[in-house]
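These notes are about the structure you will find just below.
The values are calculated or read from the model by the stated rules, or taken from the named source; none is laboratory data. Computed from a prediction, not measured in an experiment: that's the story for all the values here. Neighbour counts run over all protein chains shown; Cβ positions are idealised from the backbone, glycine included. Note: accessible area is taken over every heavy atom of the protein model, side chains too, but ligands, DNA and RNA are not part of it. Shrake-Rupley method; radii C 1.70, N 1.55, O 1.52, S 1.80 Å.
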Amino acid sequence: MSDQDEFRPALDEAVALAGRWLGDVRDGHIPPSADVEQVKDALGRELPERGPGAVEVLRHLAEAAEPGLMRIHSPRFHGWVMGGAQPVALAADWLTSAWDQNNGLRAVTPGVAGAEELAAEWLLDLLGLPSGSEVGFVTGATVANLAGLLVARDEVLRRAGWDAAVDGLAGGPQVRLFVGAERHGSVDSAASMAGLGHGRAIPVDDQGRMRVDALAEALAEGEGPAIVVLQAGNIHSGAFDPFSEAIEVAHRAGAWVHVDGAFGLWAAAAPALRPLVAGVADADSWATDAHKTLNVPYDCGIVAVADPGALHRAMAQHAAYLASSDTVADPSDRVPELSRRARGVPVYATLAQLGRQGVAELVQRLADSATVIADGVRGLPGGEVLNDVVYTQVCAAFGSDDRTRAVGEALLADGRALASASTWHGRAVLRFSVSNWLTDAAEASRTVDAVRRAVAAVG
Ligand SMILES: *Cc1c(COP(=O)(O)O)cnc(C)c1O
């Protein structure tokens, strides 16, 4: 048996099973039909003394898990802010697993380190961020926010004469943290993990954008090291903070500016949407996701820091046994992890296929499809759109809170489109997020058809 034959049966089976699952991507029922306990029963709860062959295990796994799978890759899945996986991205992700590179040190794994370094350069270009910035590939925007805040924290303390890396936080100057009142929950979580607490919430306007006058007042009330977290893409309204003005105010006060742009930073890649992020490049650090707008498989987040030294000081590990290449930073100098998969490789492959034009079209298509959904909702009995639809998010209501919730439940039961229930500005809403590469005007119209059926069912 050749080495290849050891792997071939299992990999061929995986291709066949994936083909079966993906073959139904446009028309399959979206929500899962089995719950966790049912899936565990179907999988079998006992650890066997010895199991069957790989092919049999894979078949059984797919059979048992598929009823519990959410069709997140459907073009009419608009829950939370997610996204699917483009074919080239999925295939490159498989290759990345097959190559099995531990991408901590560039001299050890140059094949994937090279692809990630190019992906990083291209990302900075597409997102309009300073070309000298350093980029780390992390698991998602939550960890990208954490990495950004860790760098920010160490750097503002270093400037105040305190070495947090060595001496810790206790006994050092207090770091003042300012966040928007409508920040994403991951900012709170990241700030907690960074030992900063939740900070002070700055009031926002009717679309959830930070009020610069309120930020200026809050910064002026005290002194000492400070961090301001801005947002590109509010999960309810899609709105963007006023970057130019807010960053100027923050920098004048000596604060570090971090931007949570999990899905919103991508507006920079589409010429007609680029004005939404005007001025964002003047910030100090940025977090975004590739597994949302770019549609690569989970888990792929991105942290970028304008000052490479600040990122390296916060993240690098130093040990004699690590064959570091010294003059150039290693992948592990840019992220909290040492051992990790080369999750930037699918980003490289996706950007290589789409090119600048393809990424621009993707982002524009998402925003245009959101407009189709918003227009459709407004035409339904009792349908209202509560936000200014400037990007990919639509916040809909259908009269009273009870009726809006009932429409959401009817839509879930119909299963041909999915939106997530939430509350915004005191009202129950159905949030439609357009983040999937397969969503276009035709699919957005099918979403509206599904909502129309749900509204009719509720009466
Ligand atoms: C999704 C999201 C996050 C968290 O990203 P993960 O990739 O899920 O960790 C943070 N901020 C915003 C605005 C988001 O939409």
Rel. contact order, % - alpha carbon contacts under 8 angstrom, at least six apart, the chain: 22 percent
Surrounding net charge for residue 333, when Lys and Arg each add one and Asp and Glu each subtract one, Cβ distance under 10 Å: +1
Sulfur and carbon atoms: percent of accessible area, region 179-253 [1.4 Å]: 49 percent
Shape call, region 1-97: gyration tensor on alpha carbons, a/c limit 1.5: oblate
At least 15 Å along the helix axis (C-alpha) and Kyte average at least -1.0, DSSP helices within the chain: 3-22, 54-65, 87-99, 110-126, 141-159, 345-378, 401-414, 441-458
Estimated FRET transfer efficiency when R0 is 56 angstrom, pair residue 40-residue 160 (beta carbons, to 0.05): 0.60
Theoretical gain in end-to-end length, residue 442 to residue 63 [0.36 nm per residue, Cα-Cα removed]: 133.3 nm
Chain lengthening between residue 457 and residue 170 when straightened (0.36 nm per residue, less Cα-Cα): 97.5 nm
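Considering only protein heavy atoms, what per residue accessible area in square angstrom results for region 224-372 with a 1.4 angstrom probe?
Accessible area per residue: 33 Å².
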Accessible area, probe 1.4 Å, largest first, for residues 210, 193, 82: 193, 82, 210
Extension gain (nm, one decimal) between residue 47 and residue 12, 0.36 nm per residue minus Cα-Cα: 10.0 nm
Centroid-to-centroid separation of region 419-456 and region 137-214 [C-alpha atoms, Å]: 32 Å
Cα centroid separation, region 233-251 to region 34-81 (Å): 41 Å
Helix-only [θ]222 nm of the chain, DSSP H runs n ≥ 4, -39500 (n - 2.57) each, per residue, nearest 500: -13500 deg cm²/dmol
DSSP beta bridges in the chain [antiparallel fraction, %, rounded to 5]: 60 percent
Longest exposed-site-free window of the chain, the sites being GluC sites (Glu not before Pro) in a DSSP loop that have at most 12 other C-beta atoms within 10 Å: 224-459
Proximal charge balance of residue 418 [Cβ under 11 Å; K/R count +1, D/E count -1]: +3
Label point 7 Å beyond Cα of residue 217 along Cβ direction - residues of region 168-191 with amide nitrogen under 15 Å: 181
